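These notes are about the structure you will find just below.
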Amino acid sequence: MMATETQGALVLFSGGQDSTTCLAWALDRFPRVETVGFDYGQRHRVELDCRSKLRDELSRINPAWANRLGEDHTISLSALGEISDTALTKDIEIEMVSTGLPNTFVPGRNLIFLTFAAALAYRRGLKHVVGGMCETDYSGYPDCRDDTIKALQVALNLGMERRFVLETPLMWIDKAATWQLASSLGGPRLIDVIVEDTHTCYLGDRGQRHDWGSGCGVCPACDLRTKGYNKFVAEKTRTVETPHG
């Protein structure tokens, strides 16, 4: 039976830095928050294994968050992996291709994710669908652009006769600001959780430990995370050292 629509939220929750920050953002704003992850045969499927612990850790950070955090859902999208010939779904070297995009781009991925998420939100009675898409600091993926998300919101609302709101709290901030947002939401405890327990590396490497967390350290995802963390730490240090008054 379809639930009555509420002001609750469904967060696209992969187990990575961005989606964990988005989950904290949603828990800070909405009375009921559920999560959904997608298994599409991704090379870095280890990210899905991080999700349960991350949900538990966020619940411990803030009692209000614990009360608001609802069910978790995992949706199998194996067909997406089967039709994708990309460095995220095949064991091939990451590189730029003739289109000008990196071969980590999985065509249609975010469009499919958001469509399935909206269908789930429809059934669960949740108005807000939250994703970590970002146009400011990403790998050039066209399905991360604000225009794409706005167009899809219109299509979903027309096709389902609902008034979903596709929330993208990271859309106009860089990775350093994403770290800062996490700090403002959950303080040092949330930063520690993101460093220790989230997964970003495209290669699925959890064996190498860095200041910002675990990963190969060289893939595009690790590179963005490294630069963002270093900038965040540098800005935080400058703020502490700058005299006031």
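Please provide three numbers in whole Å: the alpha-carbon extents of region 6-200 along the principal axes, with the largest listed first.
Extents along the principal axes, in whole Å: 49, 41, 29.
Of Leu114, Leu152, Leu166, which has the largest mean-square fluctuation in a 10 Å C-alpha GNM of the chain?
Its mean-square fluctuation being the largest, the pick is Leu152.
Among the lysines, select those whose C-alpha is under 22 Å from the C-alpha of Lys127, and discard any that sit fewer than 8 residues away in the same chain.
Partners within reach: Lys150.
Using the number of other C-beta atoms within 10 angstrom as an exposure proxy, rank His128, His199 with the fewest first.
His128, His199
Taking 8 Å as the Cα distance limit and 6 or more residues as the minimum spacing, I'd like the relative contact order of the chain as a percentage.
22
By count of other Cβ within 10 Å, fewest leading, how are Tyr141, Tyr229 ordered?
Least to most surrounded, the residues fall as Tyr141, Tyr229.
Over the chain, with a Gaussian network built from C-alpha contacts below 10 Å, which listed residue (Arg225, Arg163, Arg55) shows the highest mean-square fluctuation?
Arg163
As a test of the formula, what do you get for the chain when each DSSP H run with n ≥ 4 contributes -39,500 (n - 2.57) and the sum is divided by the residue count, at 222 nm and rounded to the nearest 500 deg cm²/dmol?
-14500 deg cm²/dmol
Would you mind telling me the antiparallel percentage of the DSSP bridges in region 6-200, rounded to 5?
Close to 5 percent.
For Thr168, Thr198, what's the fewest-to-most ordering of other Cβ within 10 Å of each Cβ?
Thr168, Thr198
For region 140-152, just list the computed ³J(HN,Hα) in residue order, Karplus coefficients 6.51, -1.76 and 1.60, θ = phi - 60°, integers in Hz, with x standing in for Gly and Pro.
x, 5, x, 7, 9, 7, 4, 4, 5, 5, 5, 5, 5
How big is the dipole moment of the chain about its Cα centre under a simple scheme where the beta carbon of each Lys and Arg is +1, that of each Asp and Glu is -1, and everything else is neutral? Debye, nearest 20, please.
In debye, rounded to 20, the chain gives about 600.
Every number here is computed from the coordinates shown, using simple stated rules; none is lab data. Computed from a predicted model, the values in this text were never measured in an experiment. We place every Cβ from the backbone using ideal geometry, glycine too, and count neighbours over all the protein chains shown.
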